[in-house]
Amino acid sequence: MKSNDWLAGGDRHELAAERIYAAAASLIARRGLDRFDLDSLAQAAHCSRATIYRHAGGKTQIRDEVLARSARRIHSAVMQAAKGSTGRDRIVEAVTAALREIRSDPVASQVFTPGRPGNAALLADSGMLARFAAESAGLNPDDTAASQWINRVTLSLLFWPGHDEAAETRMLRSFVSPAFRD
């Protein structure tokens with residue numbers, strides 16, 4: 001049951017969870033996923049570990065929610081960038097925009113560090129990312145192999161980038177685009 005707290009200005013549970021997620025995102029952005037821990041989070045959020053568990057769950061749940069929020073922000077920006085494009089052009093635009101957005105996102109950029117693909121194992125087979133890839137690239141959502149392949153292409157360029165965005169776009173046009181029909 002939700003109850004608005006007149007002093008807090010909203011539902012106390014939701015406000016606490018938001019504060020915890022914001023502190024977790026800030027910690028991950030500054031220190032990376034490897035160094036994210038609940039003691040540091042409790043200190044950053046100015047609360048106890050018990051409060052964290054009560055309002056946001058454990059470390060895995062918090063990490064997953066912070067990553068999901070980042071992914072949703074990126075997906076929204078990619079959809080905006082790919083708007084109006086179709087077929088092969090949309091695929092190239094979607095991947096190029098995804099690379100740009102991931103690299104500029106404080107949380108995502110900590111996950112996708114060139115030369116250190118360890119954290120990406122969390123995301124490589126993500127159903128959420130496969131859905132995002134299918135939607136943003138204009139693919140059939142039932143074609144999970146195609147959307148997971150797009151994710152893997154994107155991951156490979158994140159961990160082993162081209163010289164610049166133009167070089168990556170040329171690679172996408174030469175090697176990825178031909179794999180799809182207009």
Given the conditions (1) closer than 19 Å to Ser70 by Cα; (2) open to solvent by less than 20 Å² (accessible area, probe 1.4 Å); (3) at pLDDT 90 or above, every one holds for Glu135 apart from (2)
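Residues of the stretch 128-182 being in a loop (DSSP other than H, G, I, E, B) and not aromatic (Phe, Trp, Tyr), which ones?
Here is the first cut: in the stretch 128-182, the residues in a loop (DSSP other than H, G, I, E, B) are 138-143, 160-164, 180-182.
Within the stretch 128-182, Gly138, Leu139, Asn140, Pro141, Asp142, Asp143, Pro161, Gly162, His163, Asp164, Arg181, Asp182 qualify.
Looking at Arg173, Arg152, Arg181, which one is of a type in the set (Lys, Arg) and modelled with pLDDT of 90 or more?
Numbers: Arg152 fails: modelled with pLDDT of 90 or more; Arg181 fails: modelled with pLDDT of 90 or more.
When all the criteria are applied, what remains is Arg173.
Within 16 Å of the chain's Cα centre (by Cα) and open to solvent by less than 20 Å² (accessible area, probe 1.4 Å): which single residue out of Ala25, Ala98, Ala45 fits that description?
Working: Ala25 fails: open to solvent by less than 20 Å² (accessible area, probe 1.4 Å); Ala45 fails: within 16 Å of the chain's Cα centre (by Cα).
Sole residue among the options that is within 16 Å of the chain's Cα centre (by Cα) and open to solvent by less than 20 Å² (accessible area, probe 1.4 Å): Ala98.
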Among (1) of a type in the set (A, V, I, L, M); (2) crowded, with 17+ Cβ neighbours inside 10 Å; (3) in a helix (DSSP H, G or I), Ala50 falls short only on (2)
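The values are calculated or read from the model by the stated rules, or taken from the named source; none is laboratory data. Not measured: the values here are computed from a predicted model. All Cβ positions, even for glycine, are placed from backbone atoms using ideal geometry, and neighbour counts span all protein chains on display. Surface accessibility is based on the protein's heavy atoms, side chains included, excluding ligands, DNA and RNA. Shrake-Rupley method; radii C 1.70, N 1.55, O 1.52, S 1.80 Å.
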